[in-house]
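The values are calculated or read from the model by the stated rules, or taken from the named source; none is laboratory data. Keep in mind that this is a model prediction, so the values were computed, not measured. Cβ placement follows ideal geometry from the backbone for every residue including glycine, while neighbour counts extend to all protein chains displayed. These area figures cover heavy atoms from the full protein model, side chains too; ligands, DNA and RNA do not enter into them. Shrake-Rupley method; radii C 1.70, N 1.55, O 1.52, S 1.80 Å.
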Amino acid sequence: MRKNTRRGSLMSASAVVGAIVLAALPGNAVAADSGVPAASSSPGAYVAWLEAKSEPTASETAKQFKALSADKQEKFLDLINDVETTKAFLDNVGETQDTRTVRAAGAQVIVTESESSNPLARTGTMWAEHSVYDTIFGVRVTKVAVRTNYHVTGKDTDKIYAGSASHYNYVPVASFSQGVVAEWISAAPADNAHSEVTWSAEWTGGLGSWSKRQRVWGDYRGFVGGYLTDRG
């Protein structure tokens, strides 16, 4: 597979770019002659692309990116523009509930987090969420999250509500889609509320695709478990 290049330099095959690789928004044209999206063709272009968005998360990513040294900004763009190393990273994403470091000259980590409501009274509406972030040099560039919403009485999960999913993506080389969120209550004695969603991505120029499913479950204690893994 050919490598994307920027300013005539070949990207490192040994680099591993982290990404849950989410949506490239409209207007991410591929820069002529370079093979990379215009939005990430230079540090200035990347900052301008982020600052044109309305999401607070984009503003925070722009702030963090601008705080990097010029050398790290260049390496950051090399990583997010390299399709082959992005795919190599994604092939290694599996079931985990821990912070996981991936080799990319010390630049890359996946951060898995969980959150939940945990009221003192064991009766009422509750929720639990599983989130996976990708960071480069400490800058969060992607997020996928799925949430389950449910009702408990004592230790009994007695009602499930519509689940939800959310994401952001500041890696312009890929496009992204989200499936329908499914929810259910597992059989006793587990008695957990579950929500699950499938995320899919395609790379610029038809260079490949990726699909993962993300699940979270909770009970009267709040968050119980979650993962992002291959479909199936």
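When you look at residue 178, is it open to solvent by 50 Å² or more (accessible area, probe 1.4 Å), under 14 Å from the mean Cα position of the chain (by Cα) and under 19 Å from residue 132 (Cα atoms), yes or no? It is true that residue 178 is open to solvent by 50 Å² or more (accessible area, probe 1.4 Å), under 14 Å from the mean Cα position of the chain (by Cα) and under 19 Å from residue 132 (Cα atoms). Of the residues making up the stretch 144-157, just one is in contact with an Asp or Glu (Cβ under 8 Å, 6 or more places away or on another chain) and modelled with pLDDT under 90, namely 155. Residue 35 satisfies every condition listed in (1) at pLDDT below 90; (2) closer than 15 Å to residue 140 by Cα; (3) in a loop (DSSP other than H, G, I, E, B) except (2). Restricting attention to the stretch 209-222, the residues that are over 20 Å from residue 125 (Cβ atoms) and surrounded by fewer than 16 Cβ atoms within 10 Å (Cβ to Cβ) total 2. Taking the criterion of being modelled with pLDDT of 85 or more, within 18 Å of residue 205 (Cα to Cα) and among the aromatic types (Phe, Trp, Tyr), no residue of the stretch 171-189 qualifies. Taking the criterion of being without any contact (Cβ under 8 Å) to a residue 60 or more places away in the chain and within 16 Å of residue 123 (Cβ to Cβ), the residues of the stretch 161-198 that qualify are 161, 191.
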